[in-house]
Amino acid sequence: MSSPAEQKQKGDSPFFSIGLTTYHRRELLQEALRSIRAQTFEDFEVLVGNDYPAEVLSRESLGIEDERIRIFNHSHNMGEVANMNDLLERSRGRYFTWLGDDDLYAPRFLEETGRAIREWDFPPSVFTSYEILPGLVQPPISRPLATRRRCFSGPEFLRSYFSGETRVIGPYGVFETKWLREIGGIQPLCKNSAIGLFGEYGLLFRVSHLDRIIYVDAPLVYYRFHPACGASHLKTEEVILAGEELVRRSVEFLVSSRLRPDFSGNILAIFHLCTDHFYNKLFAEKGAVSWSEMSAYWRRLEGCLECLRGDPLHRCATLALRRIKGMILWRMLKADFRKVVPAAVIQAARRFRSMLFPRKSRPFWN
């Protein structure tokens, strides 16, 4: 692959396009851009979508002189999903990926991804693992990484994701730009929301219909989890509507002949995901969650299964939802249990559980 200078002389498009979405977080944006410019592979472009009309950004205002970075200041607030898809349409690279302004790349993200693309003869999608950084701390000092690469079929990839065998962030995968445009990029699940909650799972369902997905088992993306994360600003009703739409669209994909054998496990994971977000949202707002509130939410999810009436998978879905109800009941009982049991006893029980069930073998939601 050519260097940026050679690329400019030839008039070629870059190999990678990175769509970087931002909203009123200049310092975080500068950190994200520094992590991109520190890449050991240099044939890329960065498209910054500024969704905060009150502040016009430029390379000069960010203190960055790099022609590979293009900044688009939107005249109105487009919302997360529209911003992401706008950057996709403006991109010129053969492969495309997104990054949020509060997250970072390890220096070898593009190099290892490019190596996997060449090794597996230009597959439509490549994912890497990631590491969660609490708050806005800086990533650890770069260290040598053992990178194991594996090729999955679509159903295998989805199964491994929901089982916790692979750790990926949907939009932070690297995709053939042509294919990503053909599927319409990220699909919004709650049209009136500025945040694209659960949109990444719709993308993963589309990925599951591909024949080859490459997974690089190395934490080359740093996801920073902090109070200002976008999803924390969602309203409860938005979480409910996004969950309902996710279940409806999940069913459409999971009943296909390719994914039907894994329906029970996949729908269980979807129900758990939606329920977890709703439960945590209520708890964050009120400090407590009632069984009646959870039951009302589950009735709305059950209403999304009407299209399965007459199909044996309807029973599988209802049984999966019952399992989730049991999990939440157990969670509530444990919360009450902690109020009366000494913390030392609880810690001992957790250590015992860790000995029996190592974290790596648990599903992604635990």
Of these, Ile213, Ile240, Ile267, which one is over 17 Å from the mean Cα position of the chain (by Cα), farther than 22 Å from Leu104 by Cβ and at pLDDT 95 or above?
Ile267
Taking the stated definitions as given, is Asp211 surrounded by fewer than 19 Cβ atoms within 10 Å (Cβ to Cβ) and touching a strand residue (DSSP E or B) at 6+ places or on another chain (Cβ under 6 Å)?
no
Of Arg90, Arg149, the only residue that is within 27 Å of Leu254 (Cα to Cα), assigned by TED's automatic domain parsing to the domain that holds Val174 and either of a type in the set (Lys, Arg) or touching a Phe, Trp or Tyr at 6+ places or on another chain (Cβ under 6 Å) (or both) is Arg149
Just one listed residue, out of Pro134, Pro188, Pro123, is closer than 30 Å to Glu237 by Cβ and either buried (at least 18 other Cβ atoms within 10 Å of the Cβ) or in contact with a Ser or Thr (Cβ under 7 Å, 6 or more places away or on another chain) (or both), and it is Pro188
If I filter the stretch 278-300 for residues that are under 30 Å from Phe109 (Cβ atoms) and not assigned by TED's automatic domain parsing to the domain that holds Leu29, do I get at least one hit?
yes
Check Arg323, Arg331, Arg300, Arg249 and return the single one that is crowded, with 17+ Cβ neighbours inside 10 Å, touching a residue at least 24 places away in the same chain (Cβ under 8 Å) and assigned to a helix (DSSP H, G or I).
Arg249
Going by the conditions given, is Val56 over 25 Å from Cys151 (Cα atoms), among the β-branched types (Val, Ile, Thr) and in contact (Cβ under 8 Å) with a residue 60 or more places away in the chain?
no
Tell me the residue from Asp276, Asp336 that is touching a residue at least 12 places away in the same chain (Cβ under 8 Å), in a helix (DSSP H, G or I) and not hydrophobic (A, V, I, L, M, F, W, C), please.
Asp276
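The values are calculated or read from the model by the stated rules, or taken from the named source; none is laboratory data. If you're wondering where the values come from, they're calculated on a predicted model, not measured in any experiment. When we count neighbours, we look across all protein chains shown, and the Cβ atoms used for this are built from the backbone with ideal geometry, even at glycine.
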